[in-house]
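Everything on this sheet refers to the single structure shown next.
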Amino acid sequence: MPVVRDNATALYRQIADRLRDEIAARLFEPSGRLPTESEIGTRFGVSRVTVRLALDRLEADGLIERRKGKGTFTAGKRVQHPLDRLRSFHESLRLQGLDATMRPLSARIVATPPELREDFGSHCLEVCRLHLVDGEPVALGRSLLPPALGPVDWQAAGHRPIYGILQDIVGKPVGGADIEVKAAAAEAEVAATLGLPVGAPVLVMDRRSVFVGGGCADRSVFHIRPERYSFILSHRWEG
């Protein structure tokens, strides 16, 4: 319905109320991104100033958040990563219906840290991949893997989760993982890759996965933009 121009309610309030109803109806899922100011102005036939007043009202009510250079998003629309299920980082994004992609950054053989030498030997494979949602960086992943994965063409692997590649190459499924989540300040390399200022807060997920029957499968660290990402842990009472 068009806005009513002779209504006592100001135009920007009508637009804010219309967008408020659409946010409540989850019309902007799954990404949470609202149309641009220009698109909203064209839709309602109003000036950009009027649109900004409407968005100011929604922002003051805590319903939207503006991200410089990125657009306007529904507040609280977060990517959720369940910690009570064994899923790769990319799979958790994809199963939420998100436009999730991965960009391989590097793959190289490195000296194995002392705590992993019993499983990987003196050298292991280090793989770095950038995770994106709607084309925007959300996480930088660095994984240490068995050297048997050295010949893998990570560009050709595309969006395949590491767990699937591990099973194909090593011949054993991943059976479990220990995960630690903490907060940290983004160092220069992480900040540049994720498009953040140096020292900006990031979530850090440290994961050690094991094969069925034992043995380390991977040791991965993800630096994650925190503004639209949350970890979920569900408990169920049994008894």
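Rule-based calculations on the coordinates, nothing more; no lab input. Every value quoted in this text rests on a predicted model; they were computed, and no experiment measured them. So basically every Cβ, Gly included, is an ideal-geometry build from the backbone, and we count neighbours across all protein chains shown.
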Residues meeting the amide H criterion for Ala186 (H placed from the backbone, H to H distance under 5 Å, 5 or more places apart or on another chain) are Gly199, Ala200, Val202
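For segment 103-221, rounded, prolate or oblate, judged on the Cα gyration tensor with a ≥ b ≥ c (square roots of eigenvalues), a/c < 1.5 rounded, else prolate if a/b > b/c?
Working: a/c = 1.80, a/b = 1.51, b/c = 1.19.
It is prolate, given that a/c is not under 1.5 and a/b is the larger ratio.
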The alpha-carbon center of segment 130-168 and that of segment 202-221 are separated, in whole Å, by 14
Of the residues Ser38, Val152, Leu116, the Cα lying farthest along the dipole of the chain towards its positive end, which is defined by charges on the beta carbon of Lys, Arg, Asp and Glu, belongs to Ser38
Ranking Phe222, Leu63, Val202 by how far each Cα lies towards the positive end of the charge dipole of the chain (+1 on Lys and Arg Cβ, -1 on Asp and Glu Cβ), the top one is Leu63
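Report D for the chain in µm² per second (integer): Stokes-Einstein, Kirkwood Rh on Cα pairs, 20 °C, 1.002 mPa s. Don't jump to the answer; show the numbers that get you there.
On the way: Rh = 20.4 Å.
Stokes-Einstein gives a translational diffusion coefficient of 105 µm²/s.
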Check: C-alpha center segment 12-47 vs C-alpha center segment 51-69, spacing in Å is 10
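Cβ under 9 Å from Leu132's Cβ, Leu132 left aside: what net charge do those residues give with Lys, Arg +1 and Asp, Glu -1? Mind showing how you got there, number by number?
Details: positive: Arg103; negative: Asp99, Asp134, Glu136.
It works out to a net charge of -2.
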Stokes-Einstein, Kirkwood over Cα pairs, segment 142-212, 20 °C, 1.002 mPa s; D in µm²/s equals 150
Here the net charge surrounding Thr42, from other residues whose Cβ is less than 15 Å away from its Cβ (Lys, Arg +1; Asp, Glu -1), is +2
Under the helix-only model (-39500 (n - 2.57) for each DSSP H run of 4 or more, divided by the residues of the chain), the mean residue ellipticity at 222 nm, to 500 deg cm²/dmol, is -7500 deg cm²/dmol
Mean-square fluctuation maximum in Gaussian network of the chain, Cα pairs under 10 Å, restricted to Arg85, Arg33, Arg219, hits Arg85
The correct pair for segment 140-179, radius of gyration to one decimal and Dmax as a whole number, both in Å and from Cα atoms, is 10.5, 29
Net charge near Asp218 (other residues with Cβ under 13 Å of its Cβ; Lys, Arg +1; Asp, Glu -1) is +2
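Please work out the FRET efficiency for the pair Asp153 and Thr101, using the Cβ-Cβ distance as r and a Förster radius of 25 Å; give the result to the nearest 0.05. Write out the running numbers ahead of the final one.
Numbers: r = 17 Å, r/R0 = 0.69.
For Asp153 and Thr101, the calculated efficiency is 0.90.
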